[in-house]
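A.B. asks: Just dropping this structure here.
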Amino acid sequence: MPVKILIVDPVATNRIVLKVKLLSAFYEVLQAADRDEAERHIAAAAPDLVLLGSGLSCGTATSLVASVSPRDDQVRVPVMALLAERDSATRQHLLEAGIDDVMERPLDDTMLLARLRCLLRANQAERELRLRDGTRRALGLSEPAAATFEMPPRIALGGTDIARTTKLAAALKQTMPGASVLPDLRGSLLSADDRAAPDVFVVAIDHERTEAALGLISNIRARPHLRNTSILAVAPRGDTHLAAAALDQGASDLVPDDVDVDELALRLGRLTARKRTVERLRKTVENGLQAALIDPLTGLYNRRYAMPHLQRMAEHCRQADRSFAVMIADLDHFKRVNDRHGHTAGDAVLVETAQRLVANLRPVDLVARIGGEEFLVAMPDTDRAAARSAAERLCSVIAATPFAVPEASAPIRLTASIGVVLASGRDADVPGGIDTLIRAADRALYGSKSHGRNQFTLARAAA
């Protein structure tokens with residue numbers, strides 16, 4: 001489903017220019033000329049990001065931050081502001097007021113779109129964790145992760161611009177006297193202890209060794225124990241393609257190499273706070289769900305977790321006016337595996353099936369084991385074409401490779417049948433709601449079985 005971006009600017013030509021840029025990147029665009037109109041759009045359309053044009057006054061821009069403040073377990077909508085010219089004081093004021101990012105005109109399209117992708121990516125990751133945490137609380141499972149003593153930020157520096165790294169380390173020790181500034185990030189990369197992981201990596205990039213610096217960002221992102229650590233890239237001012245590449249490679253934020261040290265400290269503080277928020281959410285979810293809601297064989301969520309999560313997913317899709325897909329997948333003739341090779345072999349097949357399903361879906365999608373050889377898949381923000389493609393892919397990934405298990409003399413060939421139902425958030429509001437969707441997916445599954453198995457059937461949600 002397209003991402004919705006709200007443009008707020010009193011100057012119509014500014015809105016039109018920005019709209020053209022965003023439409024070319026396949027965003028859905030909403031427009032507002034003033035604060036009142038913007039607040040109506042925010043309440044009614046739930047945009048994914050708010051873009052404040054350079055025609056807005058500084059006061060109006062900062063006042064709109066309150067309009068996107070989160071309620072309950074929701075995530076605050078990210079806000080980017082555009083300035084008509086380079087103005088360090090205004091830029092710092094906007095950032096301190098809570099605006100997530102600030103860019104100055106003239107705008108470079110590549111850089112603008114990279115900045116937007118970066119904000120949306122971070123917001124989506126936190127949104128998914130909060131959605132899962134809300135499901136945990138709806139089930140009444142466990143307390144949030146216990147509060148711990150807030151340690152000073154841990155910041156590790158490195159990259160290919162050694163002179164810049166040395167200068168930044170000295171400046172940060174002056175500006176952030178309580179922070180732990182590590183002048184060499186290699187020790188953090190070599191260590192596998194996530195408890196010693198920095199809150200933020202600062203990676204300085206020069207013109208001479210750009211590939212090595214971008215590779216370092218990728219390397220950090222690939223380390224499991226550093227998955228929550230933020231990355232702040234420092235790139236030469238004016239090199240928009242290099243800066244955009246750093247963001248798309250996985251940097252959490254980016255500043256030019258002549259950045260004001262106060263802005264640098266502010267951004268590092270924000271990245272530290274975001275990293276720790278994500279860690280707390282992840283720990284709360286893991287602690288609360290591990291025992292009660294995880295299938296011990298496959299490691300997938302079970303029915304007890306899946307049903308309320310699906311209800312909340314439907315509610316989010318209803319608010320955003322987007323569709324979602326529900327699938328029931330069942331292994332064909334699975335009983336024969338148990339009968340011929342024993343239950344140990346059957347268990348091994350179920351574990352590998354779970355792994356194949358998860359590996360071929362998005363991180364935001366839910367996969368749960370809801371019966372013996374029956375799996376539930378729920379995909380938010382999914383249209384008909386994406387649902388068909390996913391179902392076809394899942395059928396193929398089961399049938400294409402036989403299951404090699406020690407108890408069987410030869411690899412076991414299996415297929416899967418899938419029932420798919422595409423629904424809107426409103427479909428979950430009808431009597432029976434989620435149960436009705438599950439029954440529709442179940443009927444579609446049996447349609448696949450009756451038509452020869454190893455296929456999917458796409459049905460419409462019952463209204």
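Table: residues versus (1) of a type in the set (Gly, Ala, Ser); (2) in a helix (DSSP H, G or I); (3) in contact (Cβ under 8 Å) with a residue 12 or more places away in the chain.
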{"position": "Gly178", "(1), (2), (3)": "yes, no, yes"}
{"position": "Asp184", "(1), (2), (3)": "no, no, yes"}
{"position": "Leu189", "(1), (2), (3)": "no, yes, yes"}
{"position": "Phe201", "(1), (2), (3)": "no, no, yes"}
{"position": "Glu211", "(1), (2), (3)": "no, yes, no"}
{"position": "Leu214", "(1), (2), (3)": "no, yes, yes"}
{"position": "Leu232", "(1), (2), (3)": "no, no, yes"}
{"position": "Asp248", "(1), (2), (3)": "no, yes, yes"}
{"position": "Val255", "(1), (2), (3)": "no, no, yes"}
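A.B. asks: I'm checking my understanding of the structure. Among residues of the stretch 234-246 that are part of a helix (DSSP H, G or I) and touching a strand residue (DSSP E or B) at 6+ places or on another chain (Cβ under 8 Å), which one is surrounded by the fewest Cβ atoms within 10 Å (Cβ to Cβ)?
C.D. replies: Only one residue tops the list, namely Leu242.
A.B. asks: Something else: Do you know which of the residues in the stretch 61-75 that are under 17 Å from Ile7 (Cα atoms) and free of Cβ contacts under 8 Å to residues at least 40 places away in the same chain is surrounded by the fewest Cβ atoms within 10 Å (Cβ to Cβ)?
C.D. replies: Ala66
A.B. asks: From the list Asp239, Asp260, Asp253, Asp248, exactly one residue is of a type in the set (Asp, Glu) and within 15 Å of Pro198 (Cβ to Cβ). Which is it?
C.D. replies: Asp253
A.B. asks: Also, quick follow-up: Inspect the stretch 272-293 for any residue being over 30 Å from Leu376 (Cα atoms), within 22 Å of the chain's Cα centre (by Cα) and without any contact (Cβ under 8 Å) to a residue 60 or more places away in the chain and give the result as yes or no.
C.D. replies: Checked the stretch 272-293: at least one residue is over 30 Å from Leu376 (Cα atoms), within 22 Å of the chain's Cα centre (by Cα) and without any contact (Cβ under 8 Å) to a residue 60 or more places away in the chain.
A.B. asks: In the stretch 270-304, what count of residues is obtained for those that are crowded, with 16+ Cβ neighbours inside 10 Å and either modelled with pLDDT of 90 or more or closer than 30 Å to Val200 by Cα (or both)?
C.D. replies: Number satisfying all stated conditions: 21.
A.B. asks: Wholly within the stretch 14-110, which strands (runs of 3 or more DSSP E) include no fewer than the required count, namely at least 1 residues that are of a type in the set (Asp, Glu)?
C.D. replies: So the answer is 28-32, 101-104.
A.B. asks: Quick check on Ala197: is it at pLDDT below 90, buried (at least 16 other Cβ atoms within 10 Å of the Cβ) and over 18 Å from Cys118 (Cα atoms)? Don't jump to the end; show me each part of the working.
C.D. replies: On the way: at pLDDT below 90: yes; buried (at least 16 other Cβ atoms within 10 Å of the Cβ): yes; over 18 Å from Cys118 (Cα atoms): yes.
Judged against the criteria, Ala197 is a match.
A.B. asks: Report yes if some residue within the stretch 360-376 is part of a helix (DSSP H, G or I) and either of a type in the set (Asp, Glu) or surrounded by fewer than 22 Cβ atoms within 10 Å (Cβ to Cβ) (or both); otherwise report no.
C.D. replies: Taking every residue of the stretch 360-376 in turn, none turns out to be part of a helix (DSSP H, G or I) and either of a type in the set (Asp, Glu) or surrounded by fewer than 22 Cβ atoms within 10 Å (Cβ to Cβ) (or both).
A.B. asks: Just need a number here: residues in the stretch 216-230 that are part of a loop (DSSP other than H, G, I, E, B), at pLDDT 90 or above and either more than 19 Å from Gly269 (Cα to Cα) or not assigned by TED's automatic domain parsing to the domain that holds Arg274 (or both).
C.D. replies: At the first step, the residues of the stretch 216-230 found to be part of a loop (DSSP other than H, G, I, E, B) are 223, 227-229.
Right, trim to at pLDDT 90 or above and you get 229.
Restricting the remaining residues to those that are either more than 19 Å from Gly269 (Cα to Cα) or not assigned by TED's automatic domain parsing to the domain that holds Arg274 (or both) gives none.
Residues that pass the stated criteria total 0.
A.B. asks: Now for a different question. Scanning for something polar (S, T, N, Q) and under 30 Å from Ala348 (Cα atoms), does the stretch 291-313 turn up at least one residue?
C.D. replies: Within the stretch 291-313, one or more residues are polar (S, T, N, Q) and under 30 Å from Ala348 (Cα atoms).
A.B. asks: Specify the residue that is nearest to Arg105 (Cα to Cα); the eligible residues are those in the stretch 46-56 that are surrounded by fewer than 20 Cβ atoms within 10 Å (Cβ to Cβ) and more than 20 Å from the chain's Cα centre (by Cα).
C.D. replies: The qualifying residue nearest to Arg105 (Cα to Cα) is Ser54.
The values are calculated or read from the model by the stated rules, or taken from the named source; none is laboratory data. All values derive from a computational prediction rather than experimental measurement. Positions of Cβ are backbone-derived with ideal geometry, glycine not excepted, and every protein chain shown enters the neighbour counts.
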